[in-house]
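In what follows, a structure is listed as structure tokens, so that the remarks can point back to it.
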Amino acid sequence: MIQSMTGFGNASIDSNFGKISLEIKSLNSKNLDLNYNLNPIFRNIENDIRSVLTNSLKRGKVDFKINFKISENNFSSNLNHDVIKSYIKDLQKITTGVGTEFLKIAVTLPNSIENNRSDLDEKFTDKIKELIKKAVKELIDFRIQEGKSMELDLLNNINSIDNKIEKIKTYSPERIESVKRKIKQSLEELKVEFDKNRFEQELIYYLEKYDINEEVIRLENHLVFFKKIINESTVEKGKKLAFVGQEIGREINTIGSKSNHLLMQQTVVEMKNDLEKIKEQLLNVL
């Protein structure tokens with residue numbers, strides 16, 4: 001089973017101290033790219049958040065956001081009068097103005113207001129961690145669900161290439177005979193005498209260059225390996241599948257360059273079209 005890198009998860013909880021809500025979004029990316037917007041109150045668990053996201057999501061561009069709405073009944077703050085007065089005195093030394101203007105500035109400066117935020121941090125840490133795990137699980141379930149449809153599409157295109165290989169095999173004998181006829185006809189038109197035995201030897205050597213049997217065998221093996229990777233129990237398969245996809249493309253291109261046969265070339269074009277669909281899907285496979 002494969003997983004998509006696209007997903008979404010959210011979770012929230014209400015408590016006596018307030019409401020915590022968070023959401024996680026992920027899109028495709030070559031590596032793990034974490035972006036999160038944290039309220040300063042949660043900075044003490046930033047490493048825990050990063051650890052959970054890194055170990056669980058592996059790859060993708062991940063956006064994480066957490067909000068905390070504090071209940072007024074459980075959050076108190078006190079003005080630090082001495083500190084505020086000291087700020088106002090210093091401001092008055094710098095410039096002139098009315099007292100209310102200086103007060104507005106002073107209350108925004110460090111240590112002007114004391115609150116019980118540290119107490120909230122301790123009470124909510126464990127709940128937040130559980131909430132993050134819940135949202136991550138929802139996102140992974142989303143990835144798995146989308147991965148099922150992606151897997152079906154990938155296998156359909158792989159099987160389509162496999163079926164076209166059988167068509168190419170049927171064209172191969174006709175292709176060889178066609179090449180022989182063309183060469184003999186060209187020689188007859190030249191009206192020159194030639195050694196038939198030498199001609200047969202040269203013809204065999206020439207046809208060996210256009211033999212596609214090895215490419216067909218390797219291509220079939222790559223398709224089998226591709227399916228095997230999809231059925232593996234490992235989670236991260238995107239990069240491995242992409243590498244096998246490159247090898248599939250290499251063999252298809254070689255068959256196309258050697259084909260020298262109209263129907264075979266048309267089949268090769270169809271195979272390339274199937275492979276492009278596969279590559280597009282693999283960009284979003286974990």
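Taken together, the values in this text are just the output of simple stated rules run on the coordinates, not laboratory data. A quick note: this is a predicted structure, and the numbers were derived from the prediction, not measured. Because the Cβ atoms are built from the backbone with ideal geometry, glycine has one as well, and the counts that use them run over all protein chains shown.
Tabulated values for the structure
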| item | result |
| --- | --- |
| Listed pairs K167/K279; K227/K258; K148/K227; K30/K137; K167/K272 exceeding 25 Å between Cα atoms | K227/K258 |
| Peptides ranked, highest mean first, by Cβ atoms within 10 Å: ranges 145-157, 25-37, 2-14 | 2-14, 145-157, 25-37 |
| Chain lengthening between S257 and L32 when straightened (0.36 nm per residue, less Cα-Cα) | 77.1 nm |
| Quarter of the Cα convex hull surface for the stretch 208-279, i.e. its orientation-mean projected area (nm²) | 4.8 nm² |
